[in-house]
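Visitor: Sharing a structure below in structure tokens format, with a few things to ask.
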Amino acid sequence: MKTPILLLANLLWAAAALSGADAGANNPMDAQAAFARLKTLAGEWEADTAMGKARLSYELIAGGTAVVERESGDKIPAMLTVYHLDGGRLLLTHYCMAGNQPRMQARSFNPATGELQFRFLDGTNLTAGAGHMRNATFRMMDHDHLLTEWEFYENGQQKFAETARYTRVR
């Protein structure tokens, strides 16, 4: 009798230990905290890039439930990205000069470093192999400095990445 009870106890202990080890991996990202950090970007930003001067403008809309990013530059047409919460998820929709609208979901946020990573979820106006923004990473280093990296994919492979260091101007 003792052997089956000990075996059962050991199995239960092992199951509890394994589920505890995986608990960190299964915990959802804190979308609320990431969105709160994004809201602090409200204002005007500038960067010097290989394509000339780049500008970002962040604005809170809809009673603070969405953040609109307007991007413009010396040699690129204006683009728009909207960030918002969807239940426990933080999403963005990027209205791209490529003529499509990729949506990405925030997958990780480190409050200590301000790093926020978005990964492709789906998109509209996308055809098989079409070029589109697929991943985006933001490093909100402090109140006045922001690093962005956007990855552009075509035919299932990364074609290029655009990185810019922005400084708040207002």
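The values are calculated or read from the model by the stated rules, or taken from the named source; none is laboratory data. Computed from a predicted structure; not experimentally measured. Every residue, glycine as well, gets a Cβ built from its backbone with ideal geometry; the counts of neighbours run over all protein chains shown.
Visitor: Of everything in the range 111-124, what is surrounded by 13 or more Cβ atoms within 10 Å (Cβ to Cβ) and out of contact with any strand residue (DSSP E or B) (no Cβ under 6 Å at 6 or more places or on another chain)? Give them in sequence order.
Guide: Listed by number, the list holds a single entry, 111.
Visitor: Restricting to the range 1-59, give me the number of residues that are modelled with pLDDT of 95 or more and either exposed (fewer than 10 other Cβ atoms within 10 Å of the Cβ) or under 18 Å from the mean Cα position of the chain (by Cα) (or both).
Guide: Number of matching residues: 17.
Visitor: Give the range 84-102 a look and list any residue that's of a type in the set (A, V, I, L, M, F, W, C) and exposed (fewer than 15 other Cβ atoms within 10 Å of the Cβ), or say none. Steps first, answer last, please.
Guide: Narrowing the range 84-102 to residues of a type in the set (A, V, I, L, M, F, W, C): 85, 90-92, 96-98.
Scanning the range 84-102 gives a single hit, 97.
Visitor: Regarding residue 42, is this residue out of contact with any Gly (no Cβ under 6 Å at 6 or more places or on another chain) and farther than 21 Å from residue 143 by Cα? I'd like the intermediate steps shown before the answer.
Guide: Working: out of contact with any Gly (no Cβ under 6 Å at 6 or more places or on another chain): yes; farther than 21 Å from residue 143 by Cα: no.
So residue 42 fails the test.
Visitor: Taking the stated definitions as given, is residue 134 among the basic types (Lys, Arg) and within 17 Å of residue 154 (Cβ to Cβ)?
Guide: Yes; evaluated as a whole, the condition is true for this residue.
Visitor: Can I ask one more? Is it the case that residue 70 is over 19 Å from residue 111 (Cβ atoms) and at pLDDT 95 or above?
Guide: yes
Visitor: Next question, about the same structure. Quick check: anything in the range 142-153 surrounded by 11 or more Cβ atoms within 10 Å (Cβ to Cβ) and either without any contact (Cβ under 8 Å) to a residue 12 or more places away in the chain or not in a strand (DSSP E or B) (or both)?
Guide: yes
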